[in-house]
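Inspection log for the structure reproduced underneath, given as structure tokens.
Here, each number is a calculation from the coordinates, and none is a lab measurement. Owing to the predicted nature of the structure, the values given are computational and were not obtained by experimental measurement. Quick reminder, even Gly has a Cβ in these numbers, built from the backbone with ideal geometry, and neighbours come from all protein chains shown.
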């Protein structure tokens with residue numbers, strides 16, 4: 001019964017949400033909004049569970065892995081400081097100096113650093129991908145070169161020709177590939193959802 005009841009609830013709830021999508025009625029819209037409210041409530045209730053799991057895993061890592069201890073302690077300290085800053089703002093009515101300082105001087109530079117590193121990774125990946133070893137790689141290199149020329153102020157009539165070619169690349173082959181990817185993702189989502197509704201996929205129950 002411990003497994004059968006969750007499977008029945010998932011099947012009934014999932015089929016109800018699938019049915020409401022095809023029923024144009026006010027009660028169907030109300031069911032959809034009501035279900036979305038439940039999702040929001042569940043997400044809010046899951047936040048403390050996620051915080052607790054993060055803290056437990058971080059403390060365990062700090063105890064068992066000496067090399068990761070400094071990073072684990074930094075994670076715990078940062079979490080406690082941000083919580084204290086948020087509570088200070090709520091309890092003392094509008095004092096946002098500490099939280100704003102932490103956000104502007106720590107979080108924003110850290111995000112900028114991560115994105116700057118990501119740019120180097122993208123450049124390295126592009127260099128490896130655009131080496132013209134095969135016909136398809138050479139075609140990819142030529143296409144990327146044409147698209148990047150759009151960023152350069154070319155003289156006329158080269159600028160107009162390049163803009164026309166880039167527009168065709170983005171609207172025809174690029175759009176065709178994008179639609180194929182979207183269709184594949186949609187079919188995969190439908191297949192996975194069907195497996196969950198039929199009880200074939202049970203990983204959300206912590207087993208199988």
Added length on full extension, which subtracts the Cα-Cα distance from 0.36 nm per residue, residue 205 to residue 125: 25.0 nm
Whole-angstrom gap from the stretch 134-178 to the stretch 103-124, using each part's C-alpha centre: 29
Highest to lowest packing among 28-38, 115-125, scored as the average C-beta count within 10 Å: 28-38, 115-125
Residue 21-residue 181 pseudo-label distance in nm [points 7 Å out on the Cα-to-Cβ vector]: 2.2
Segment residue 174-residue 81, extension gain: residue separation times 0.36 nm, minus the distance between their alpha carbons: 28.8 nm
Cα gyration tensor shape for the chain, rounded if a/c is under 1.5, else prolate or oblate: oblate
Where labels lie 7 Å past Cα in the beta-carbon direction, separation of residue 167 and residue 67 in nm: 5.5
Calculated FRET efficiency for the pair residue 110/residue 152, C-beta based, R₀ 30 Å, to 0.05: 0.35
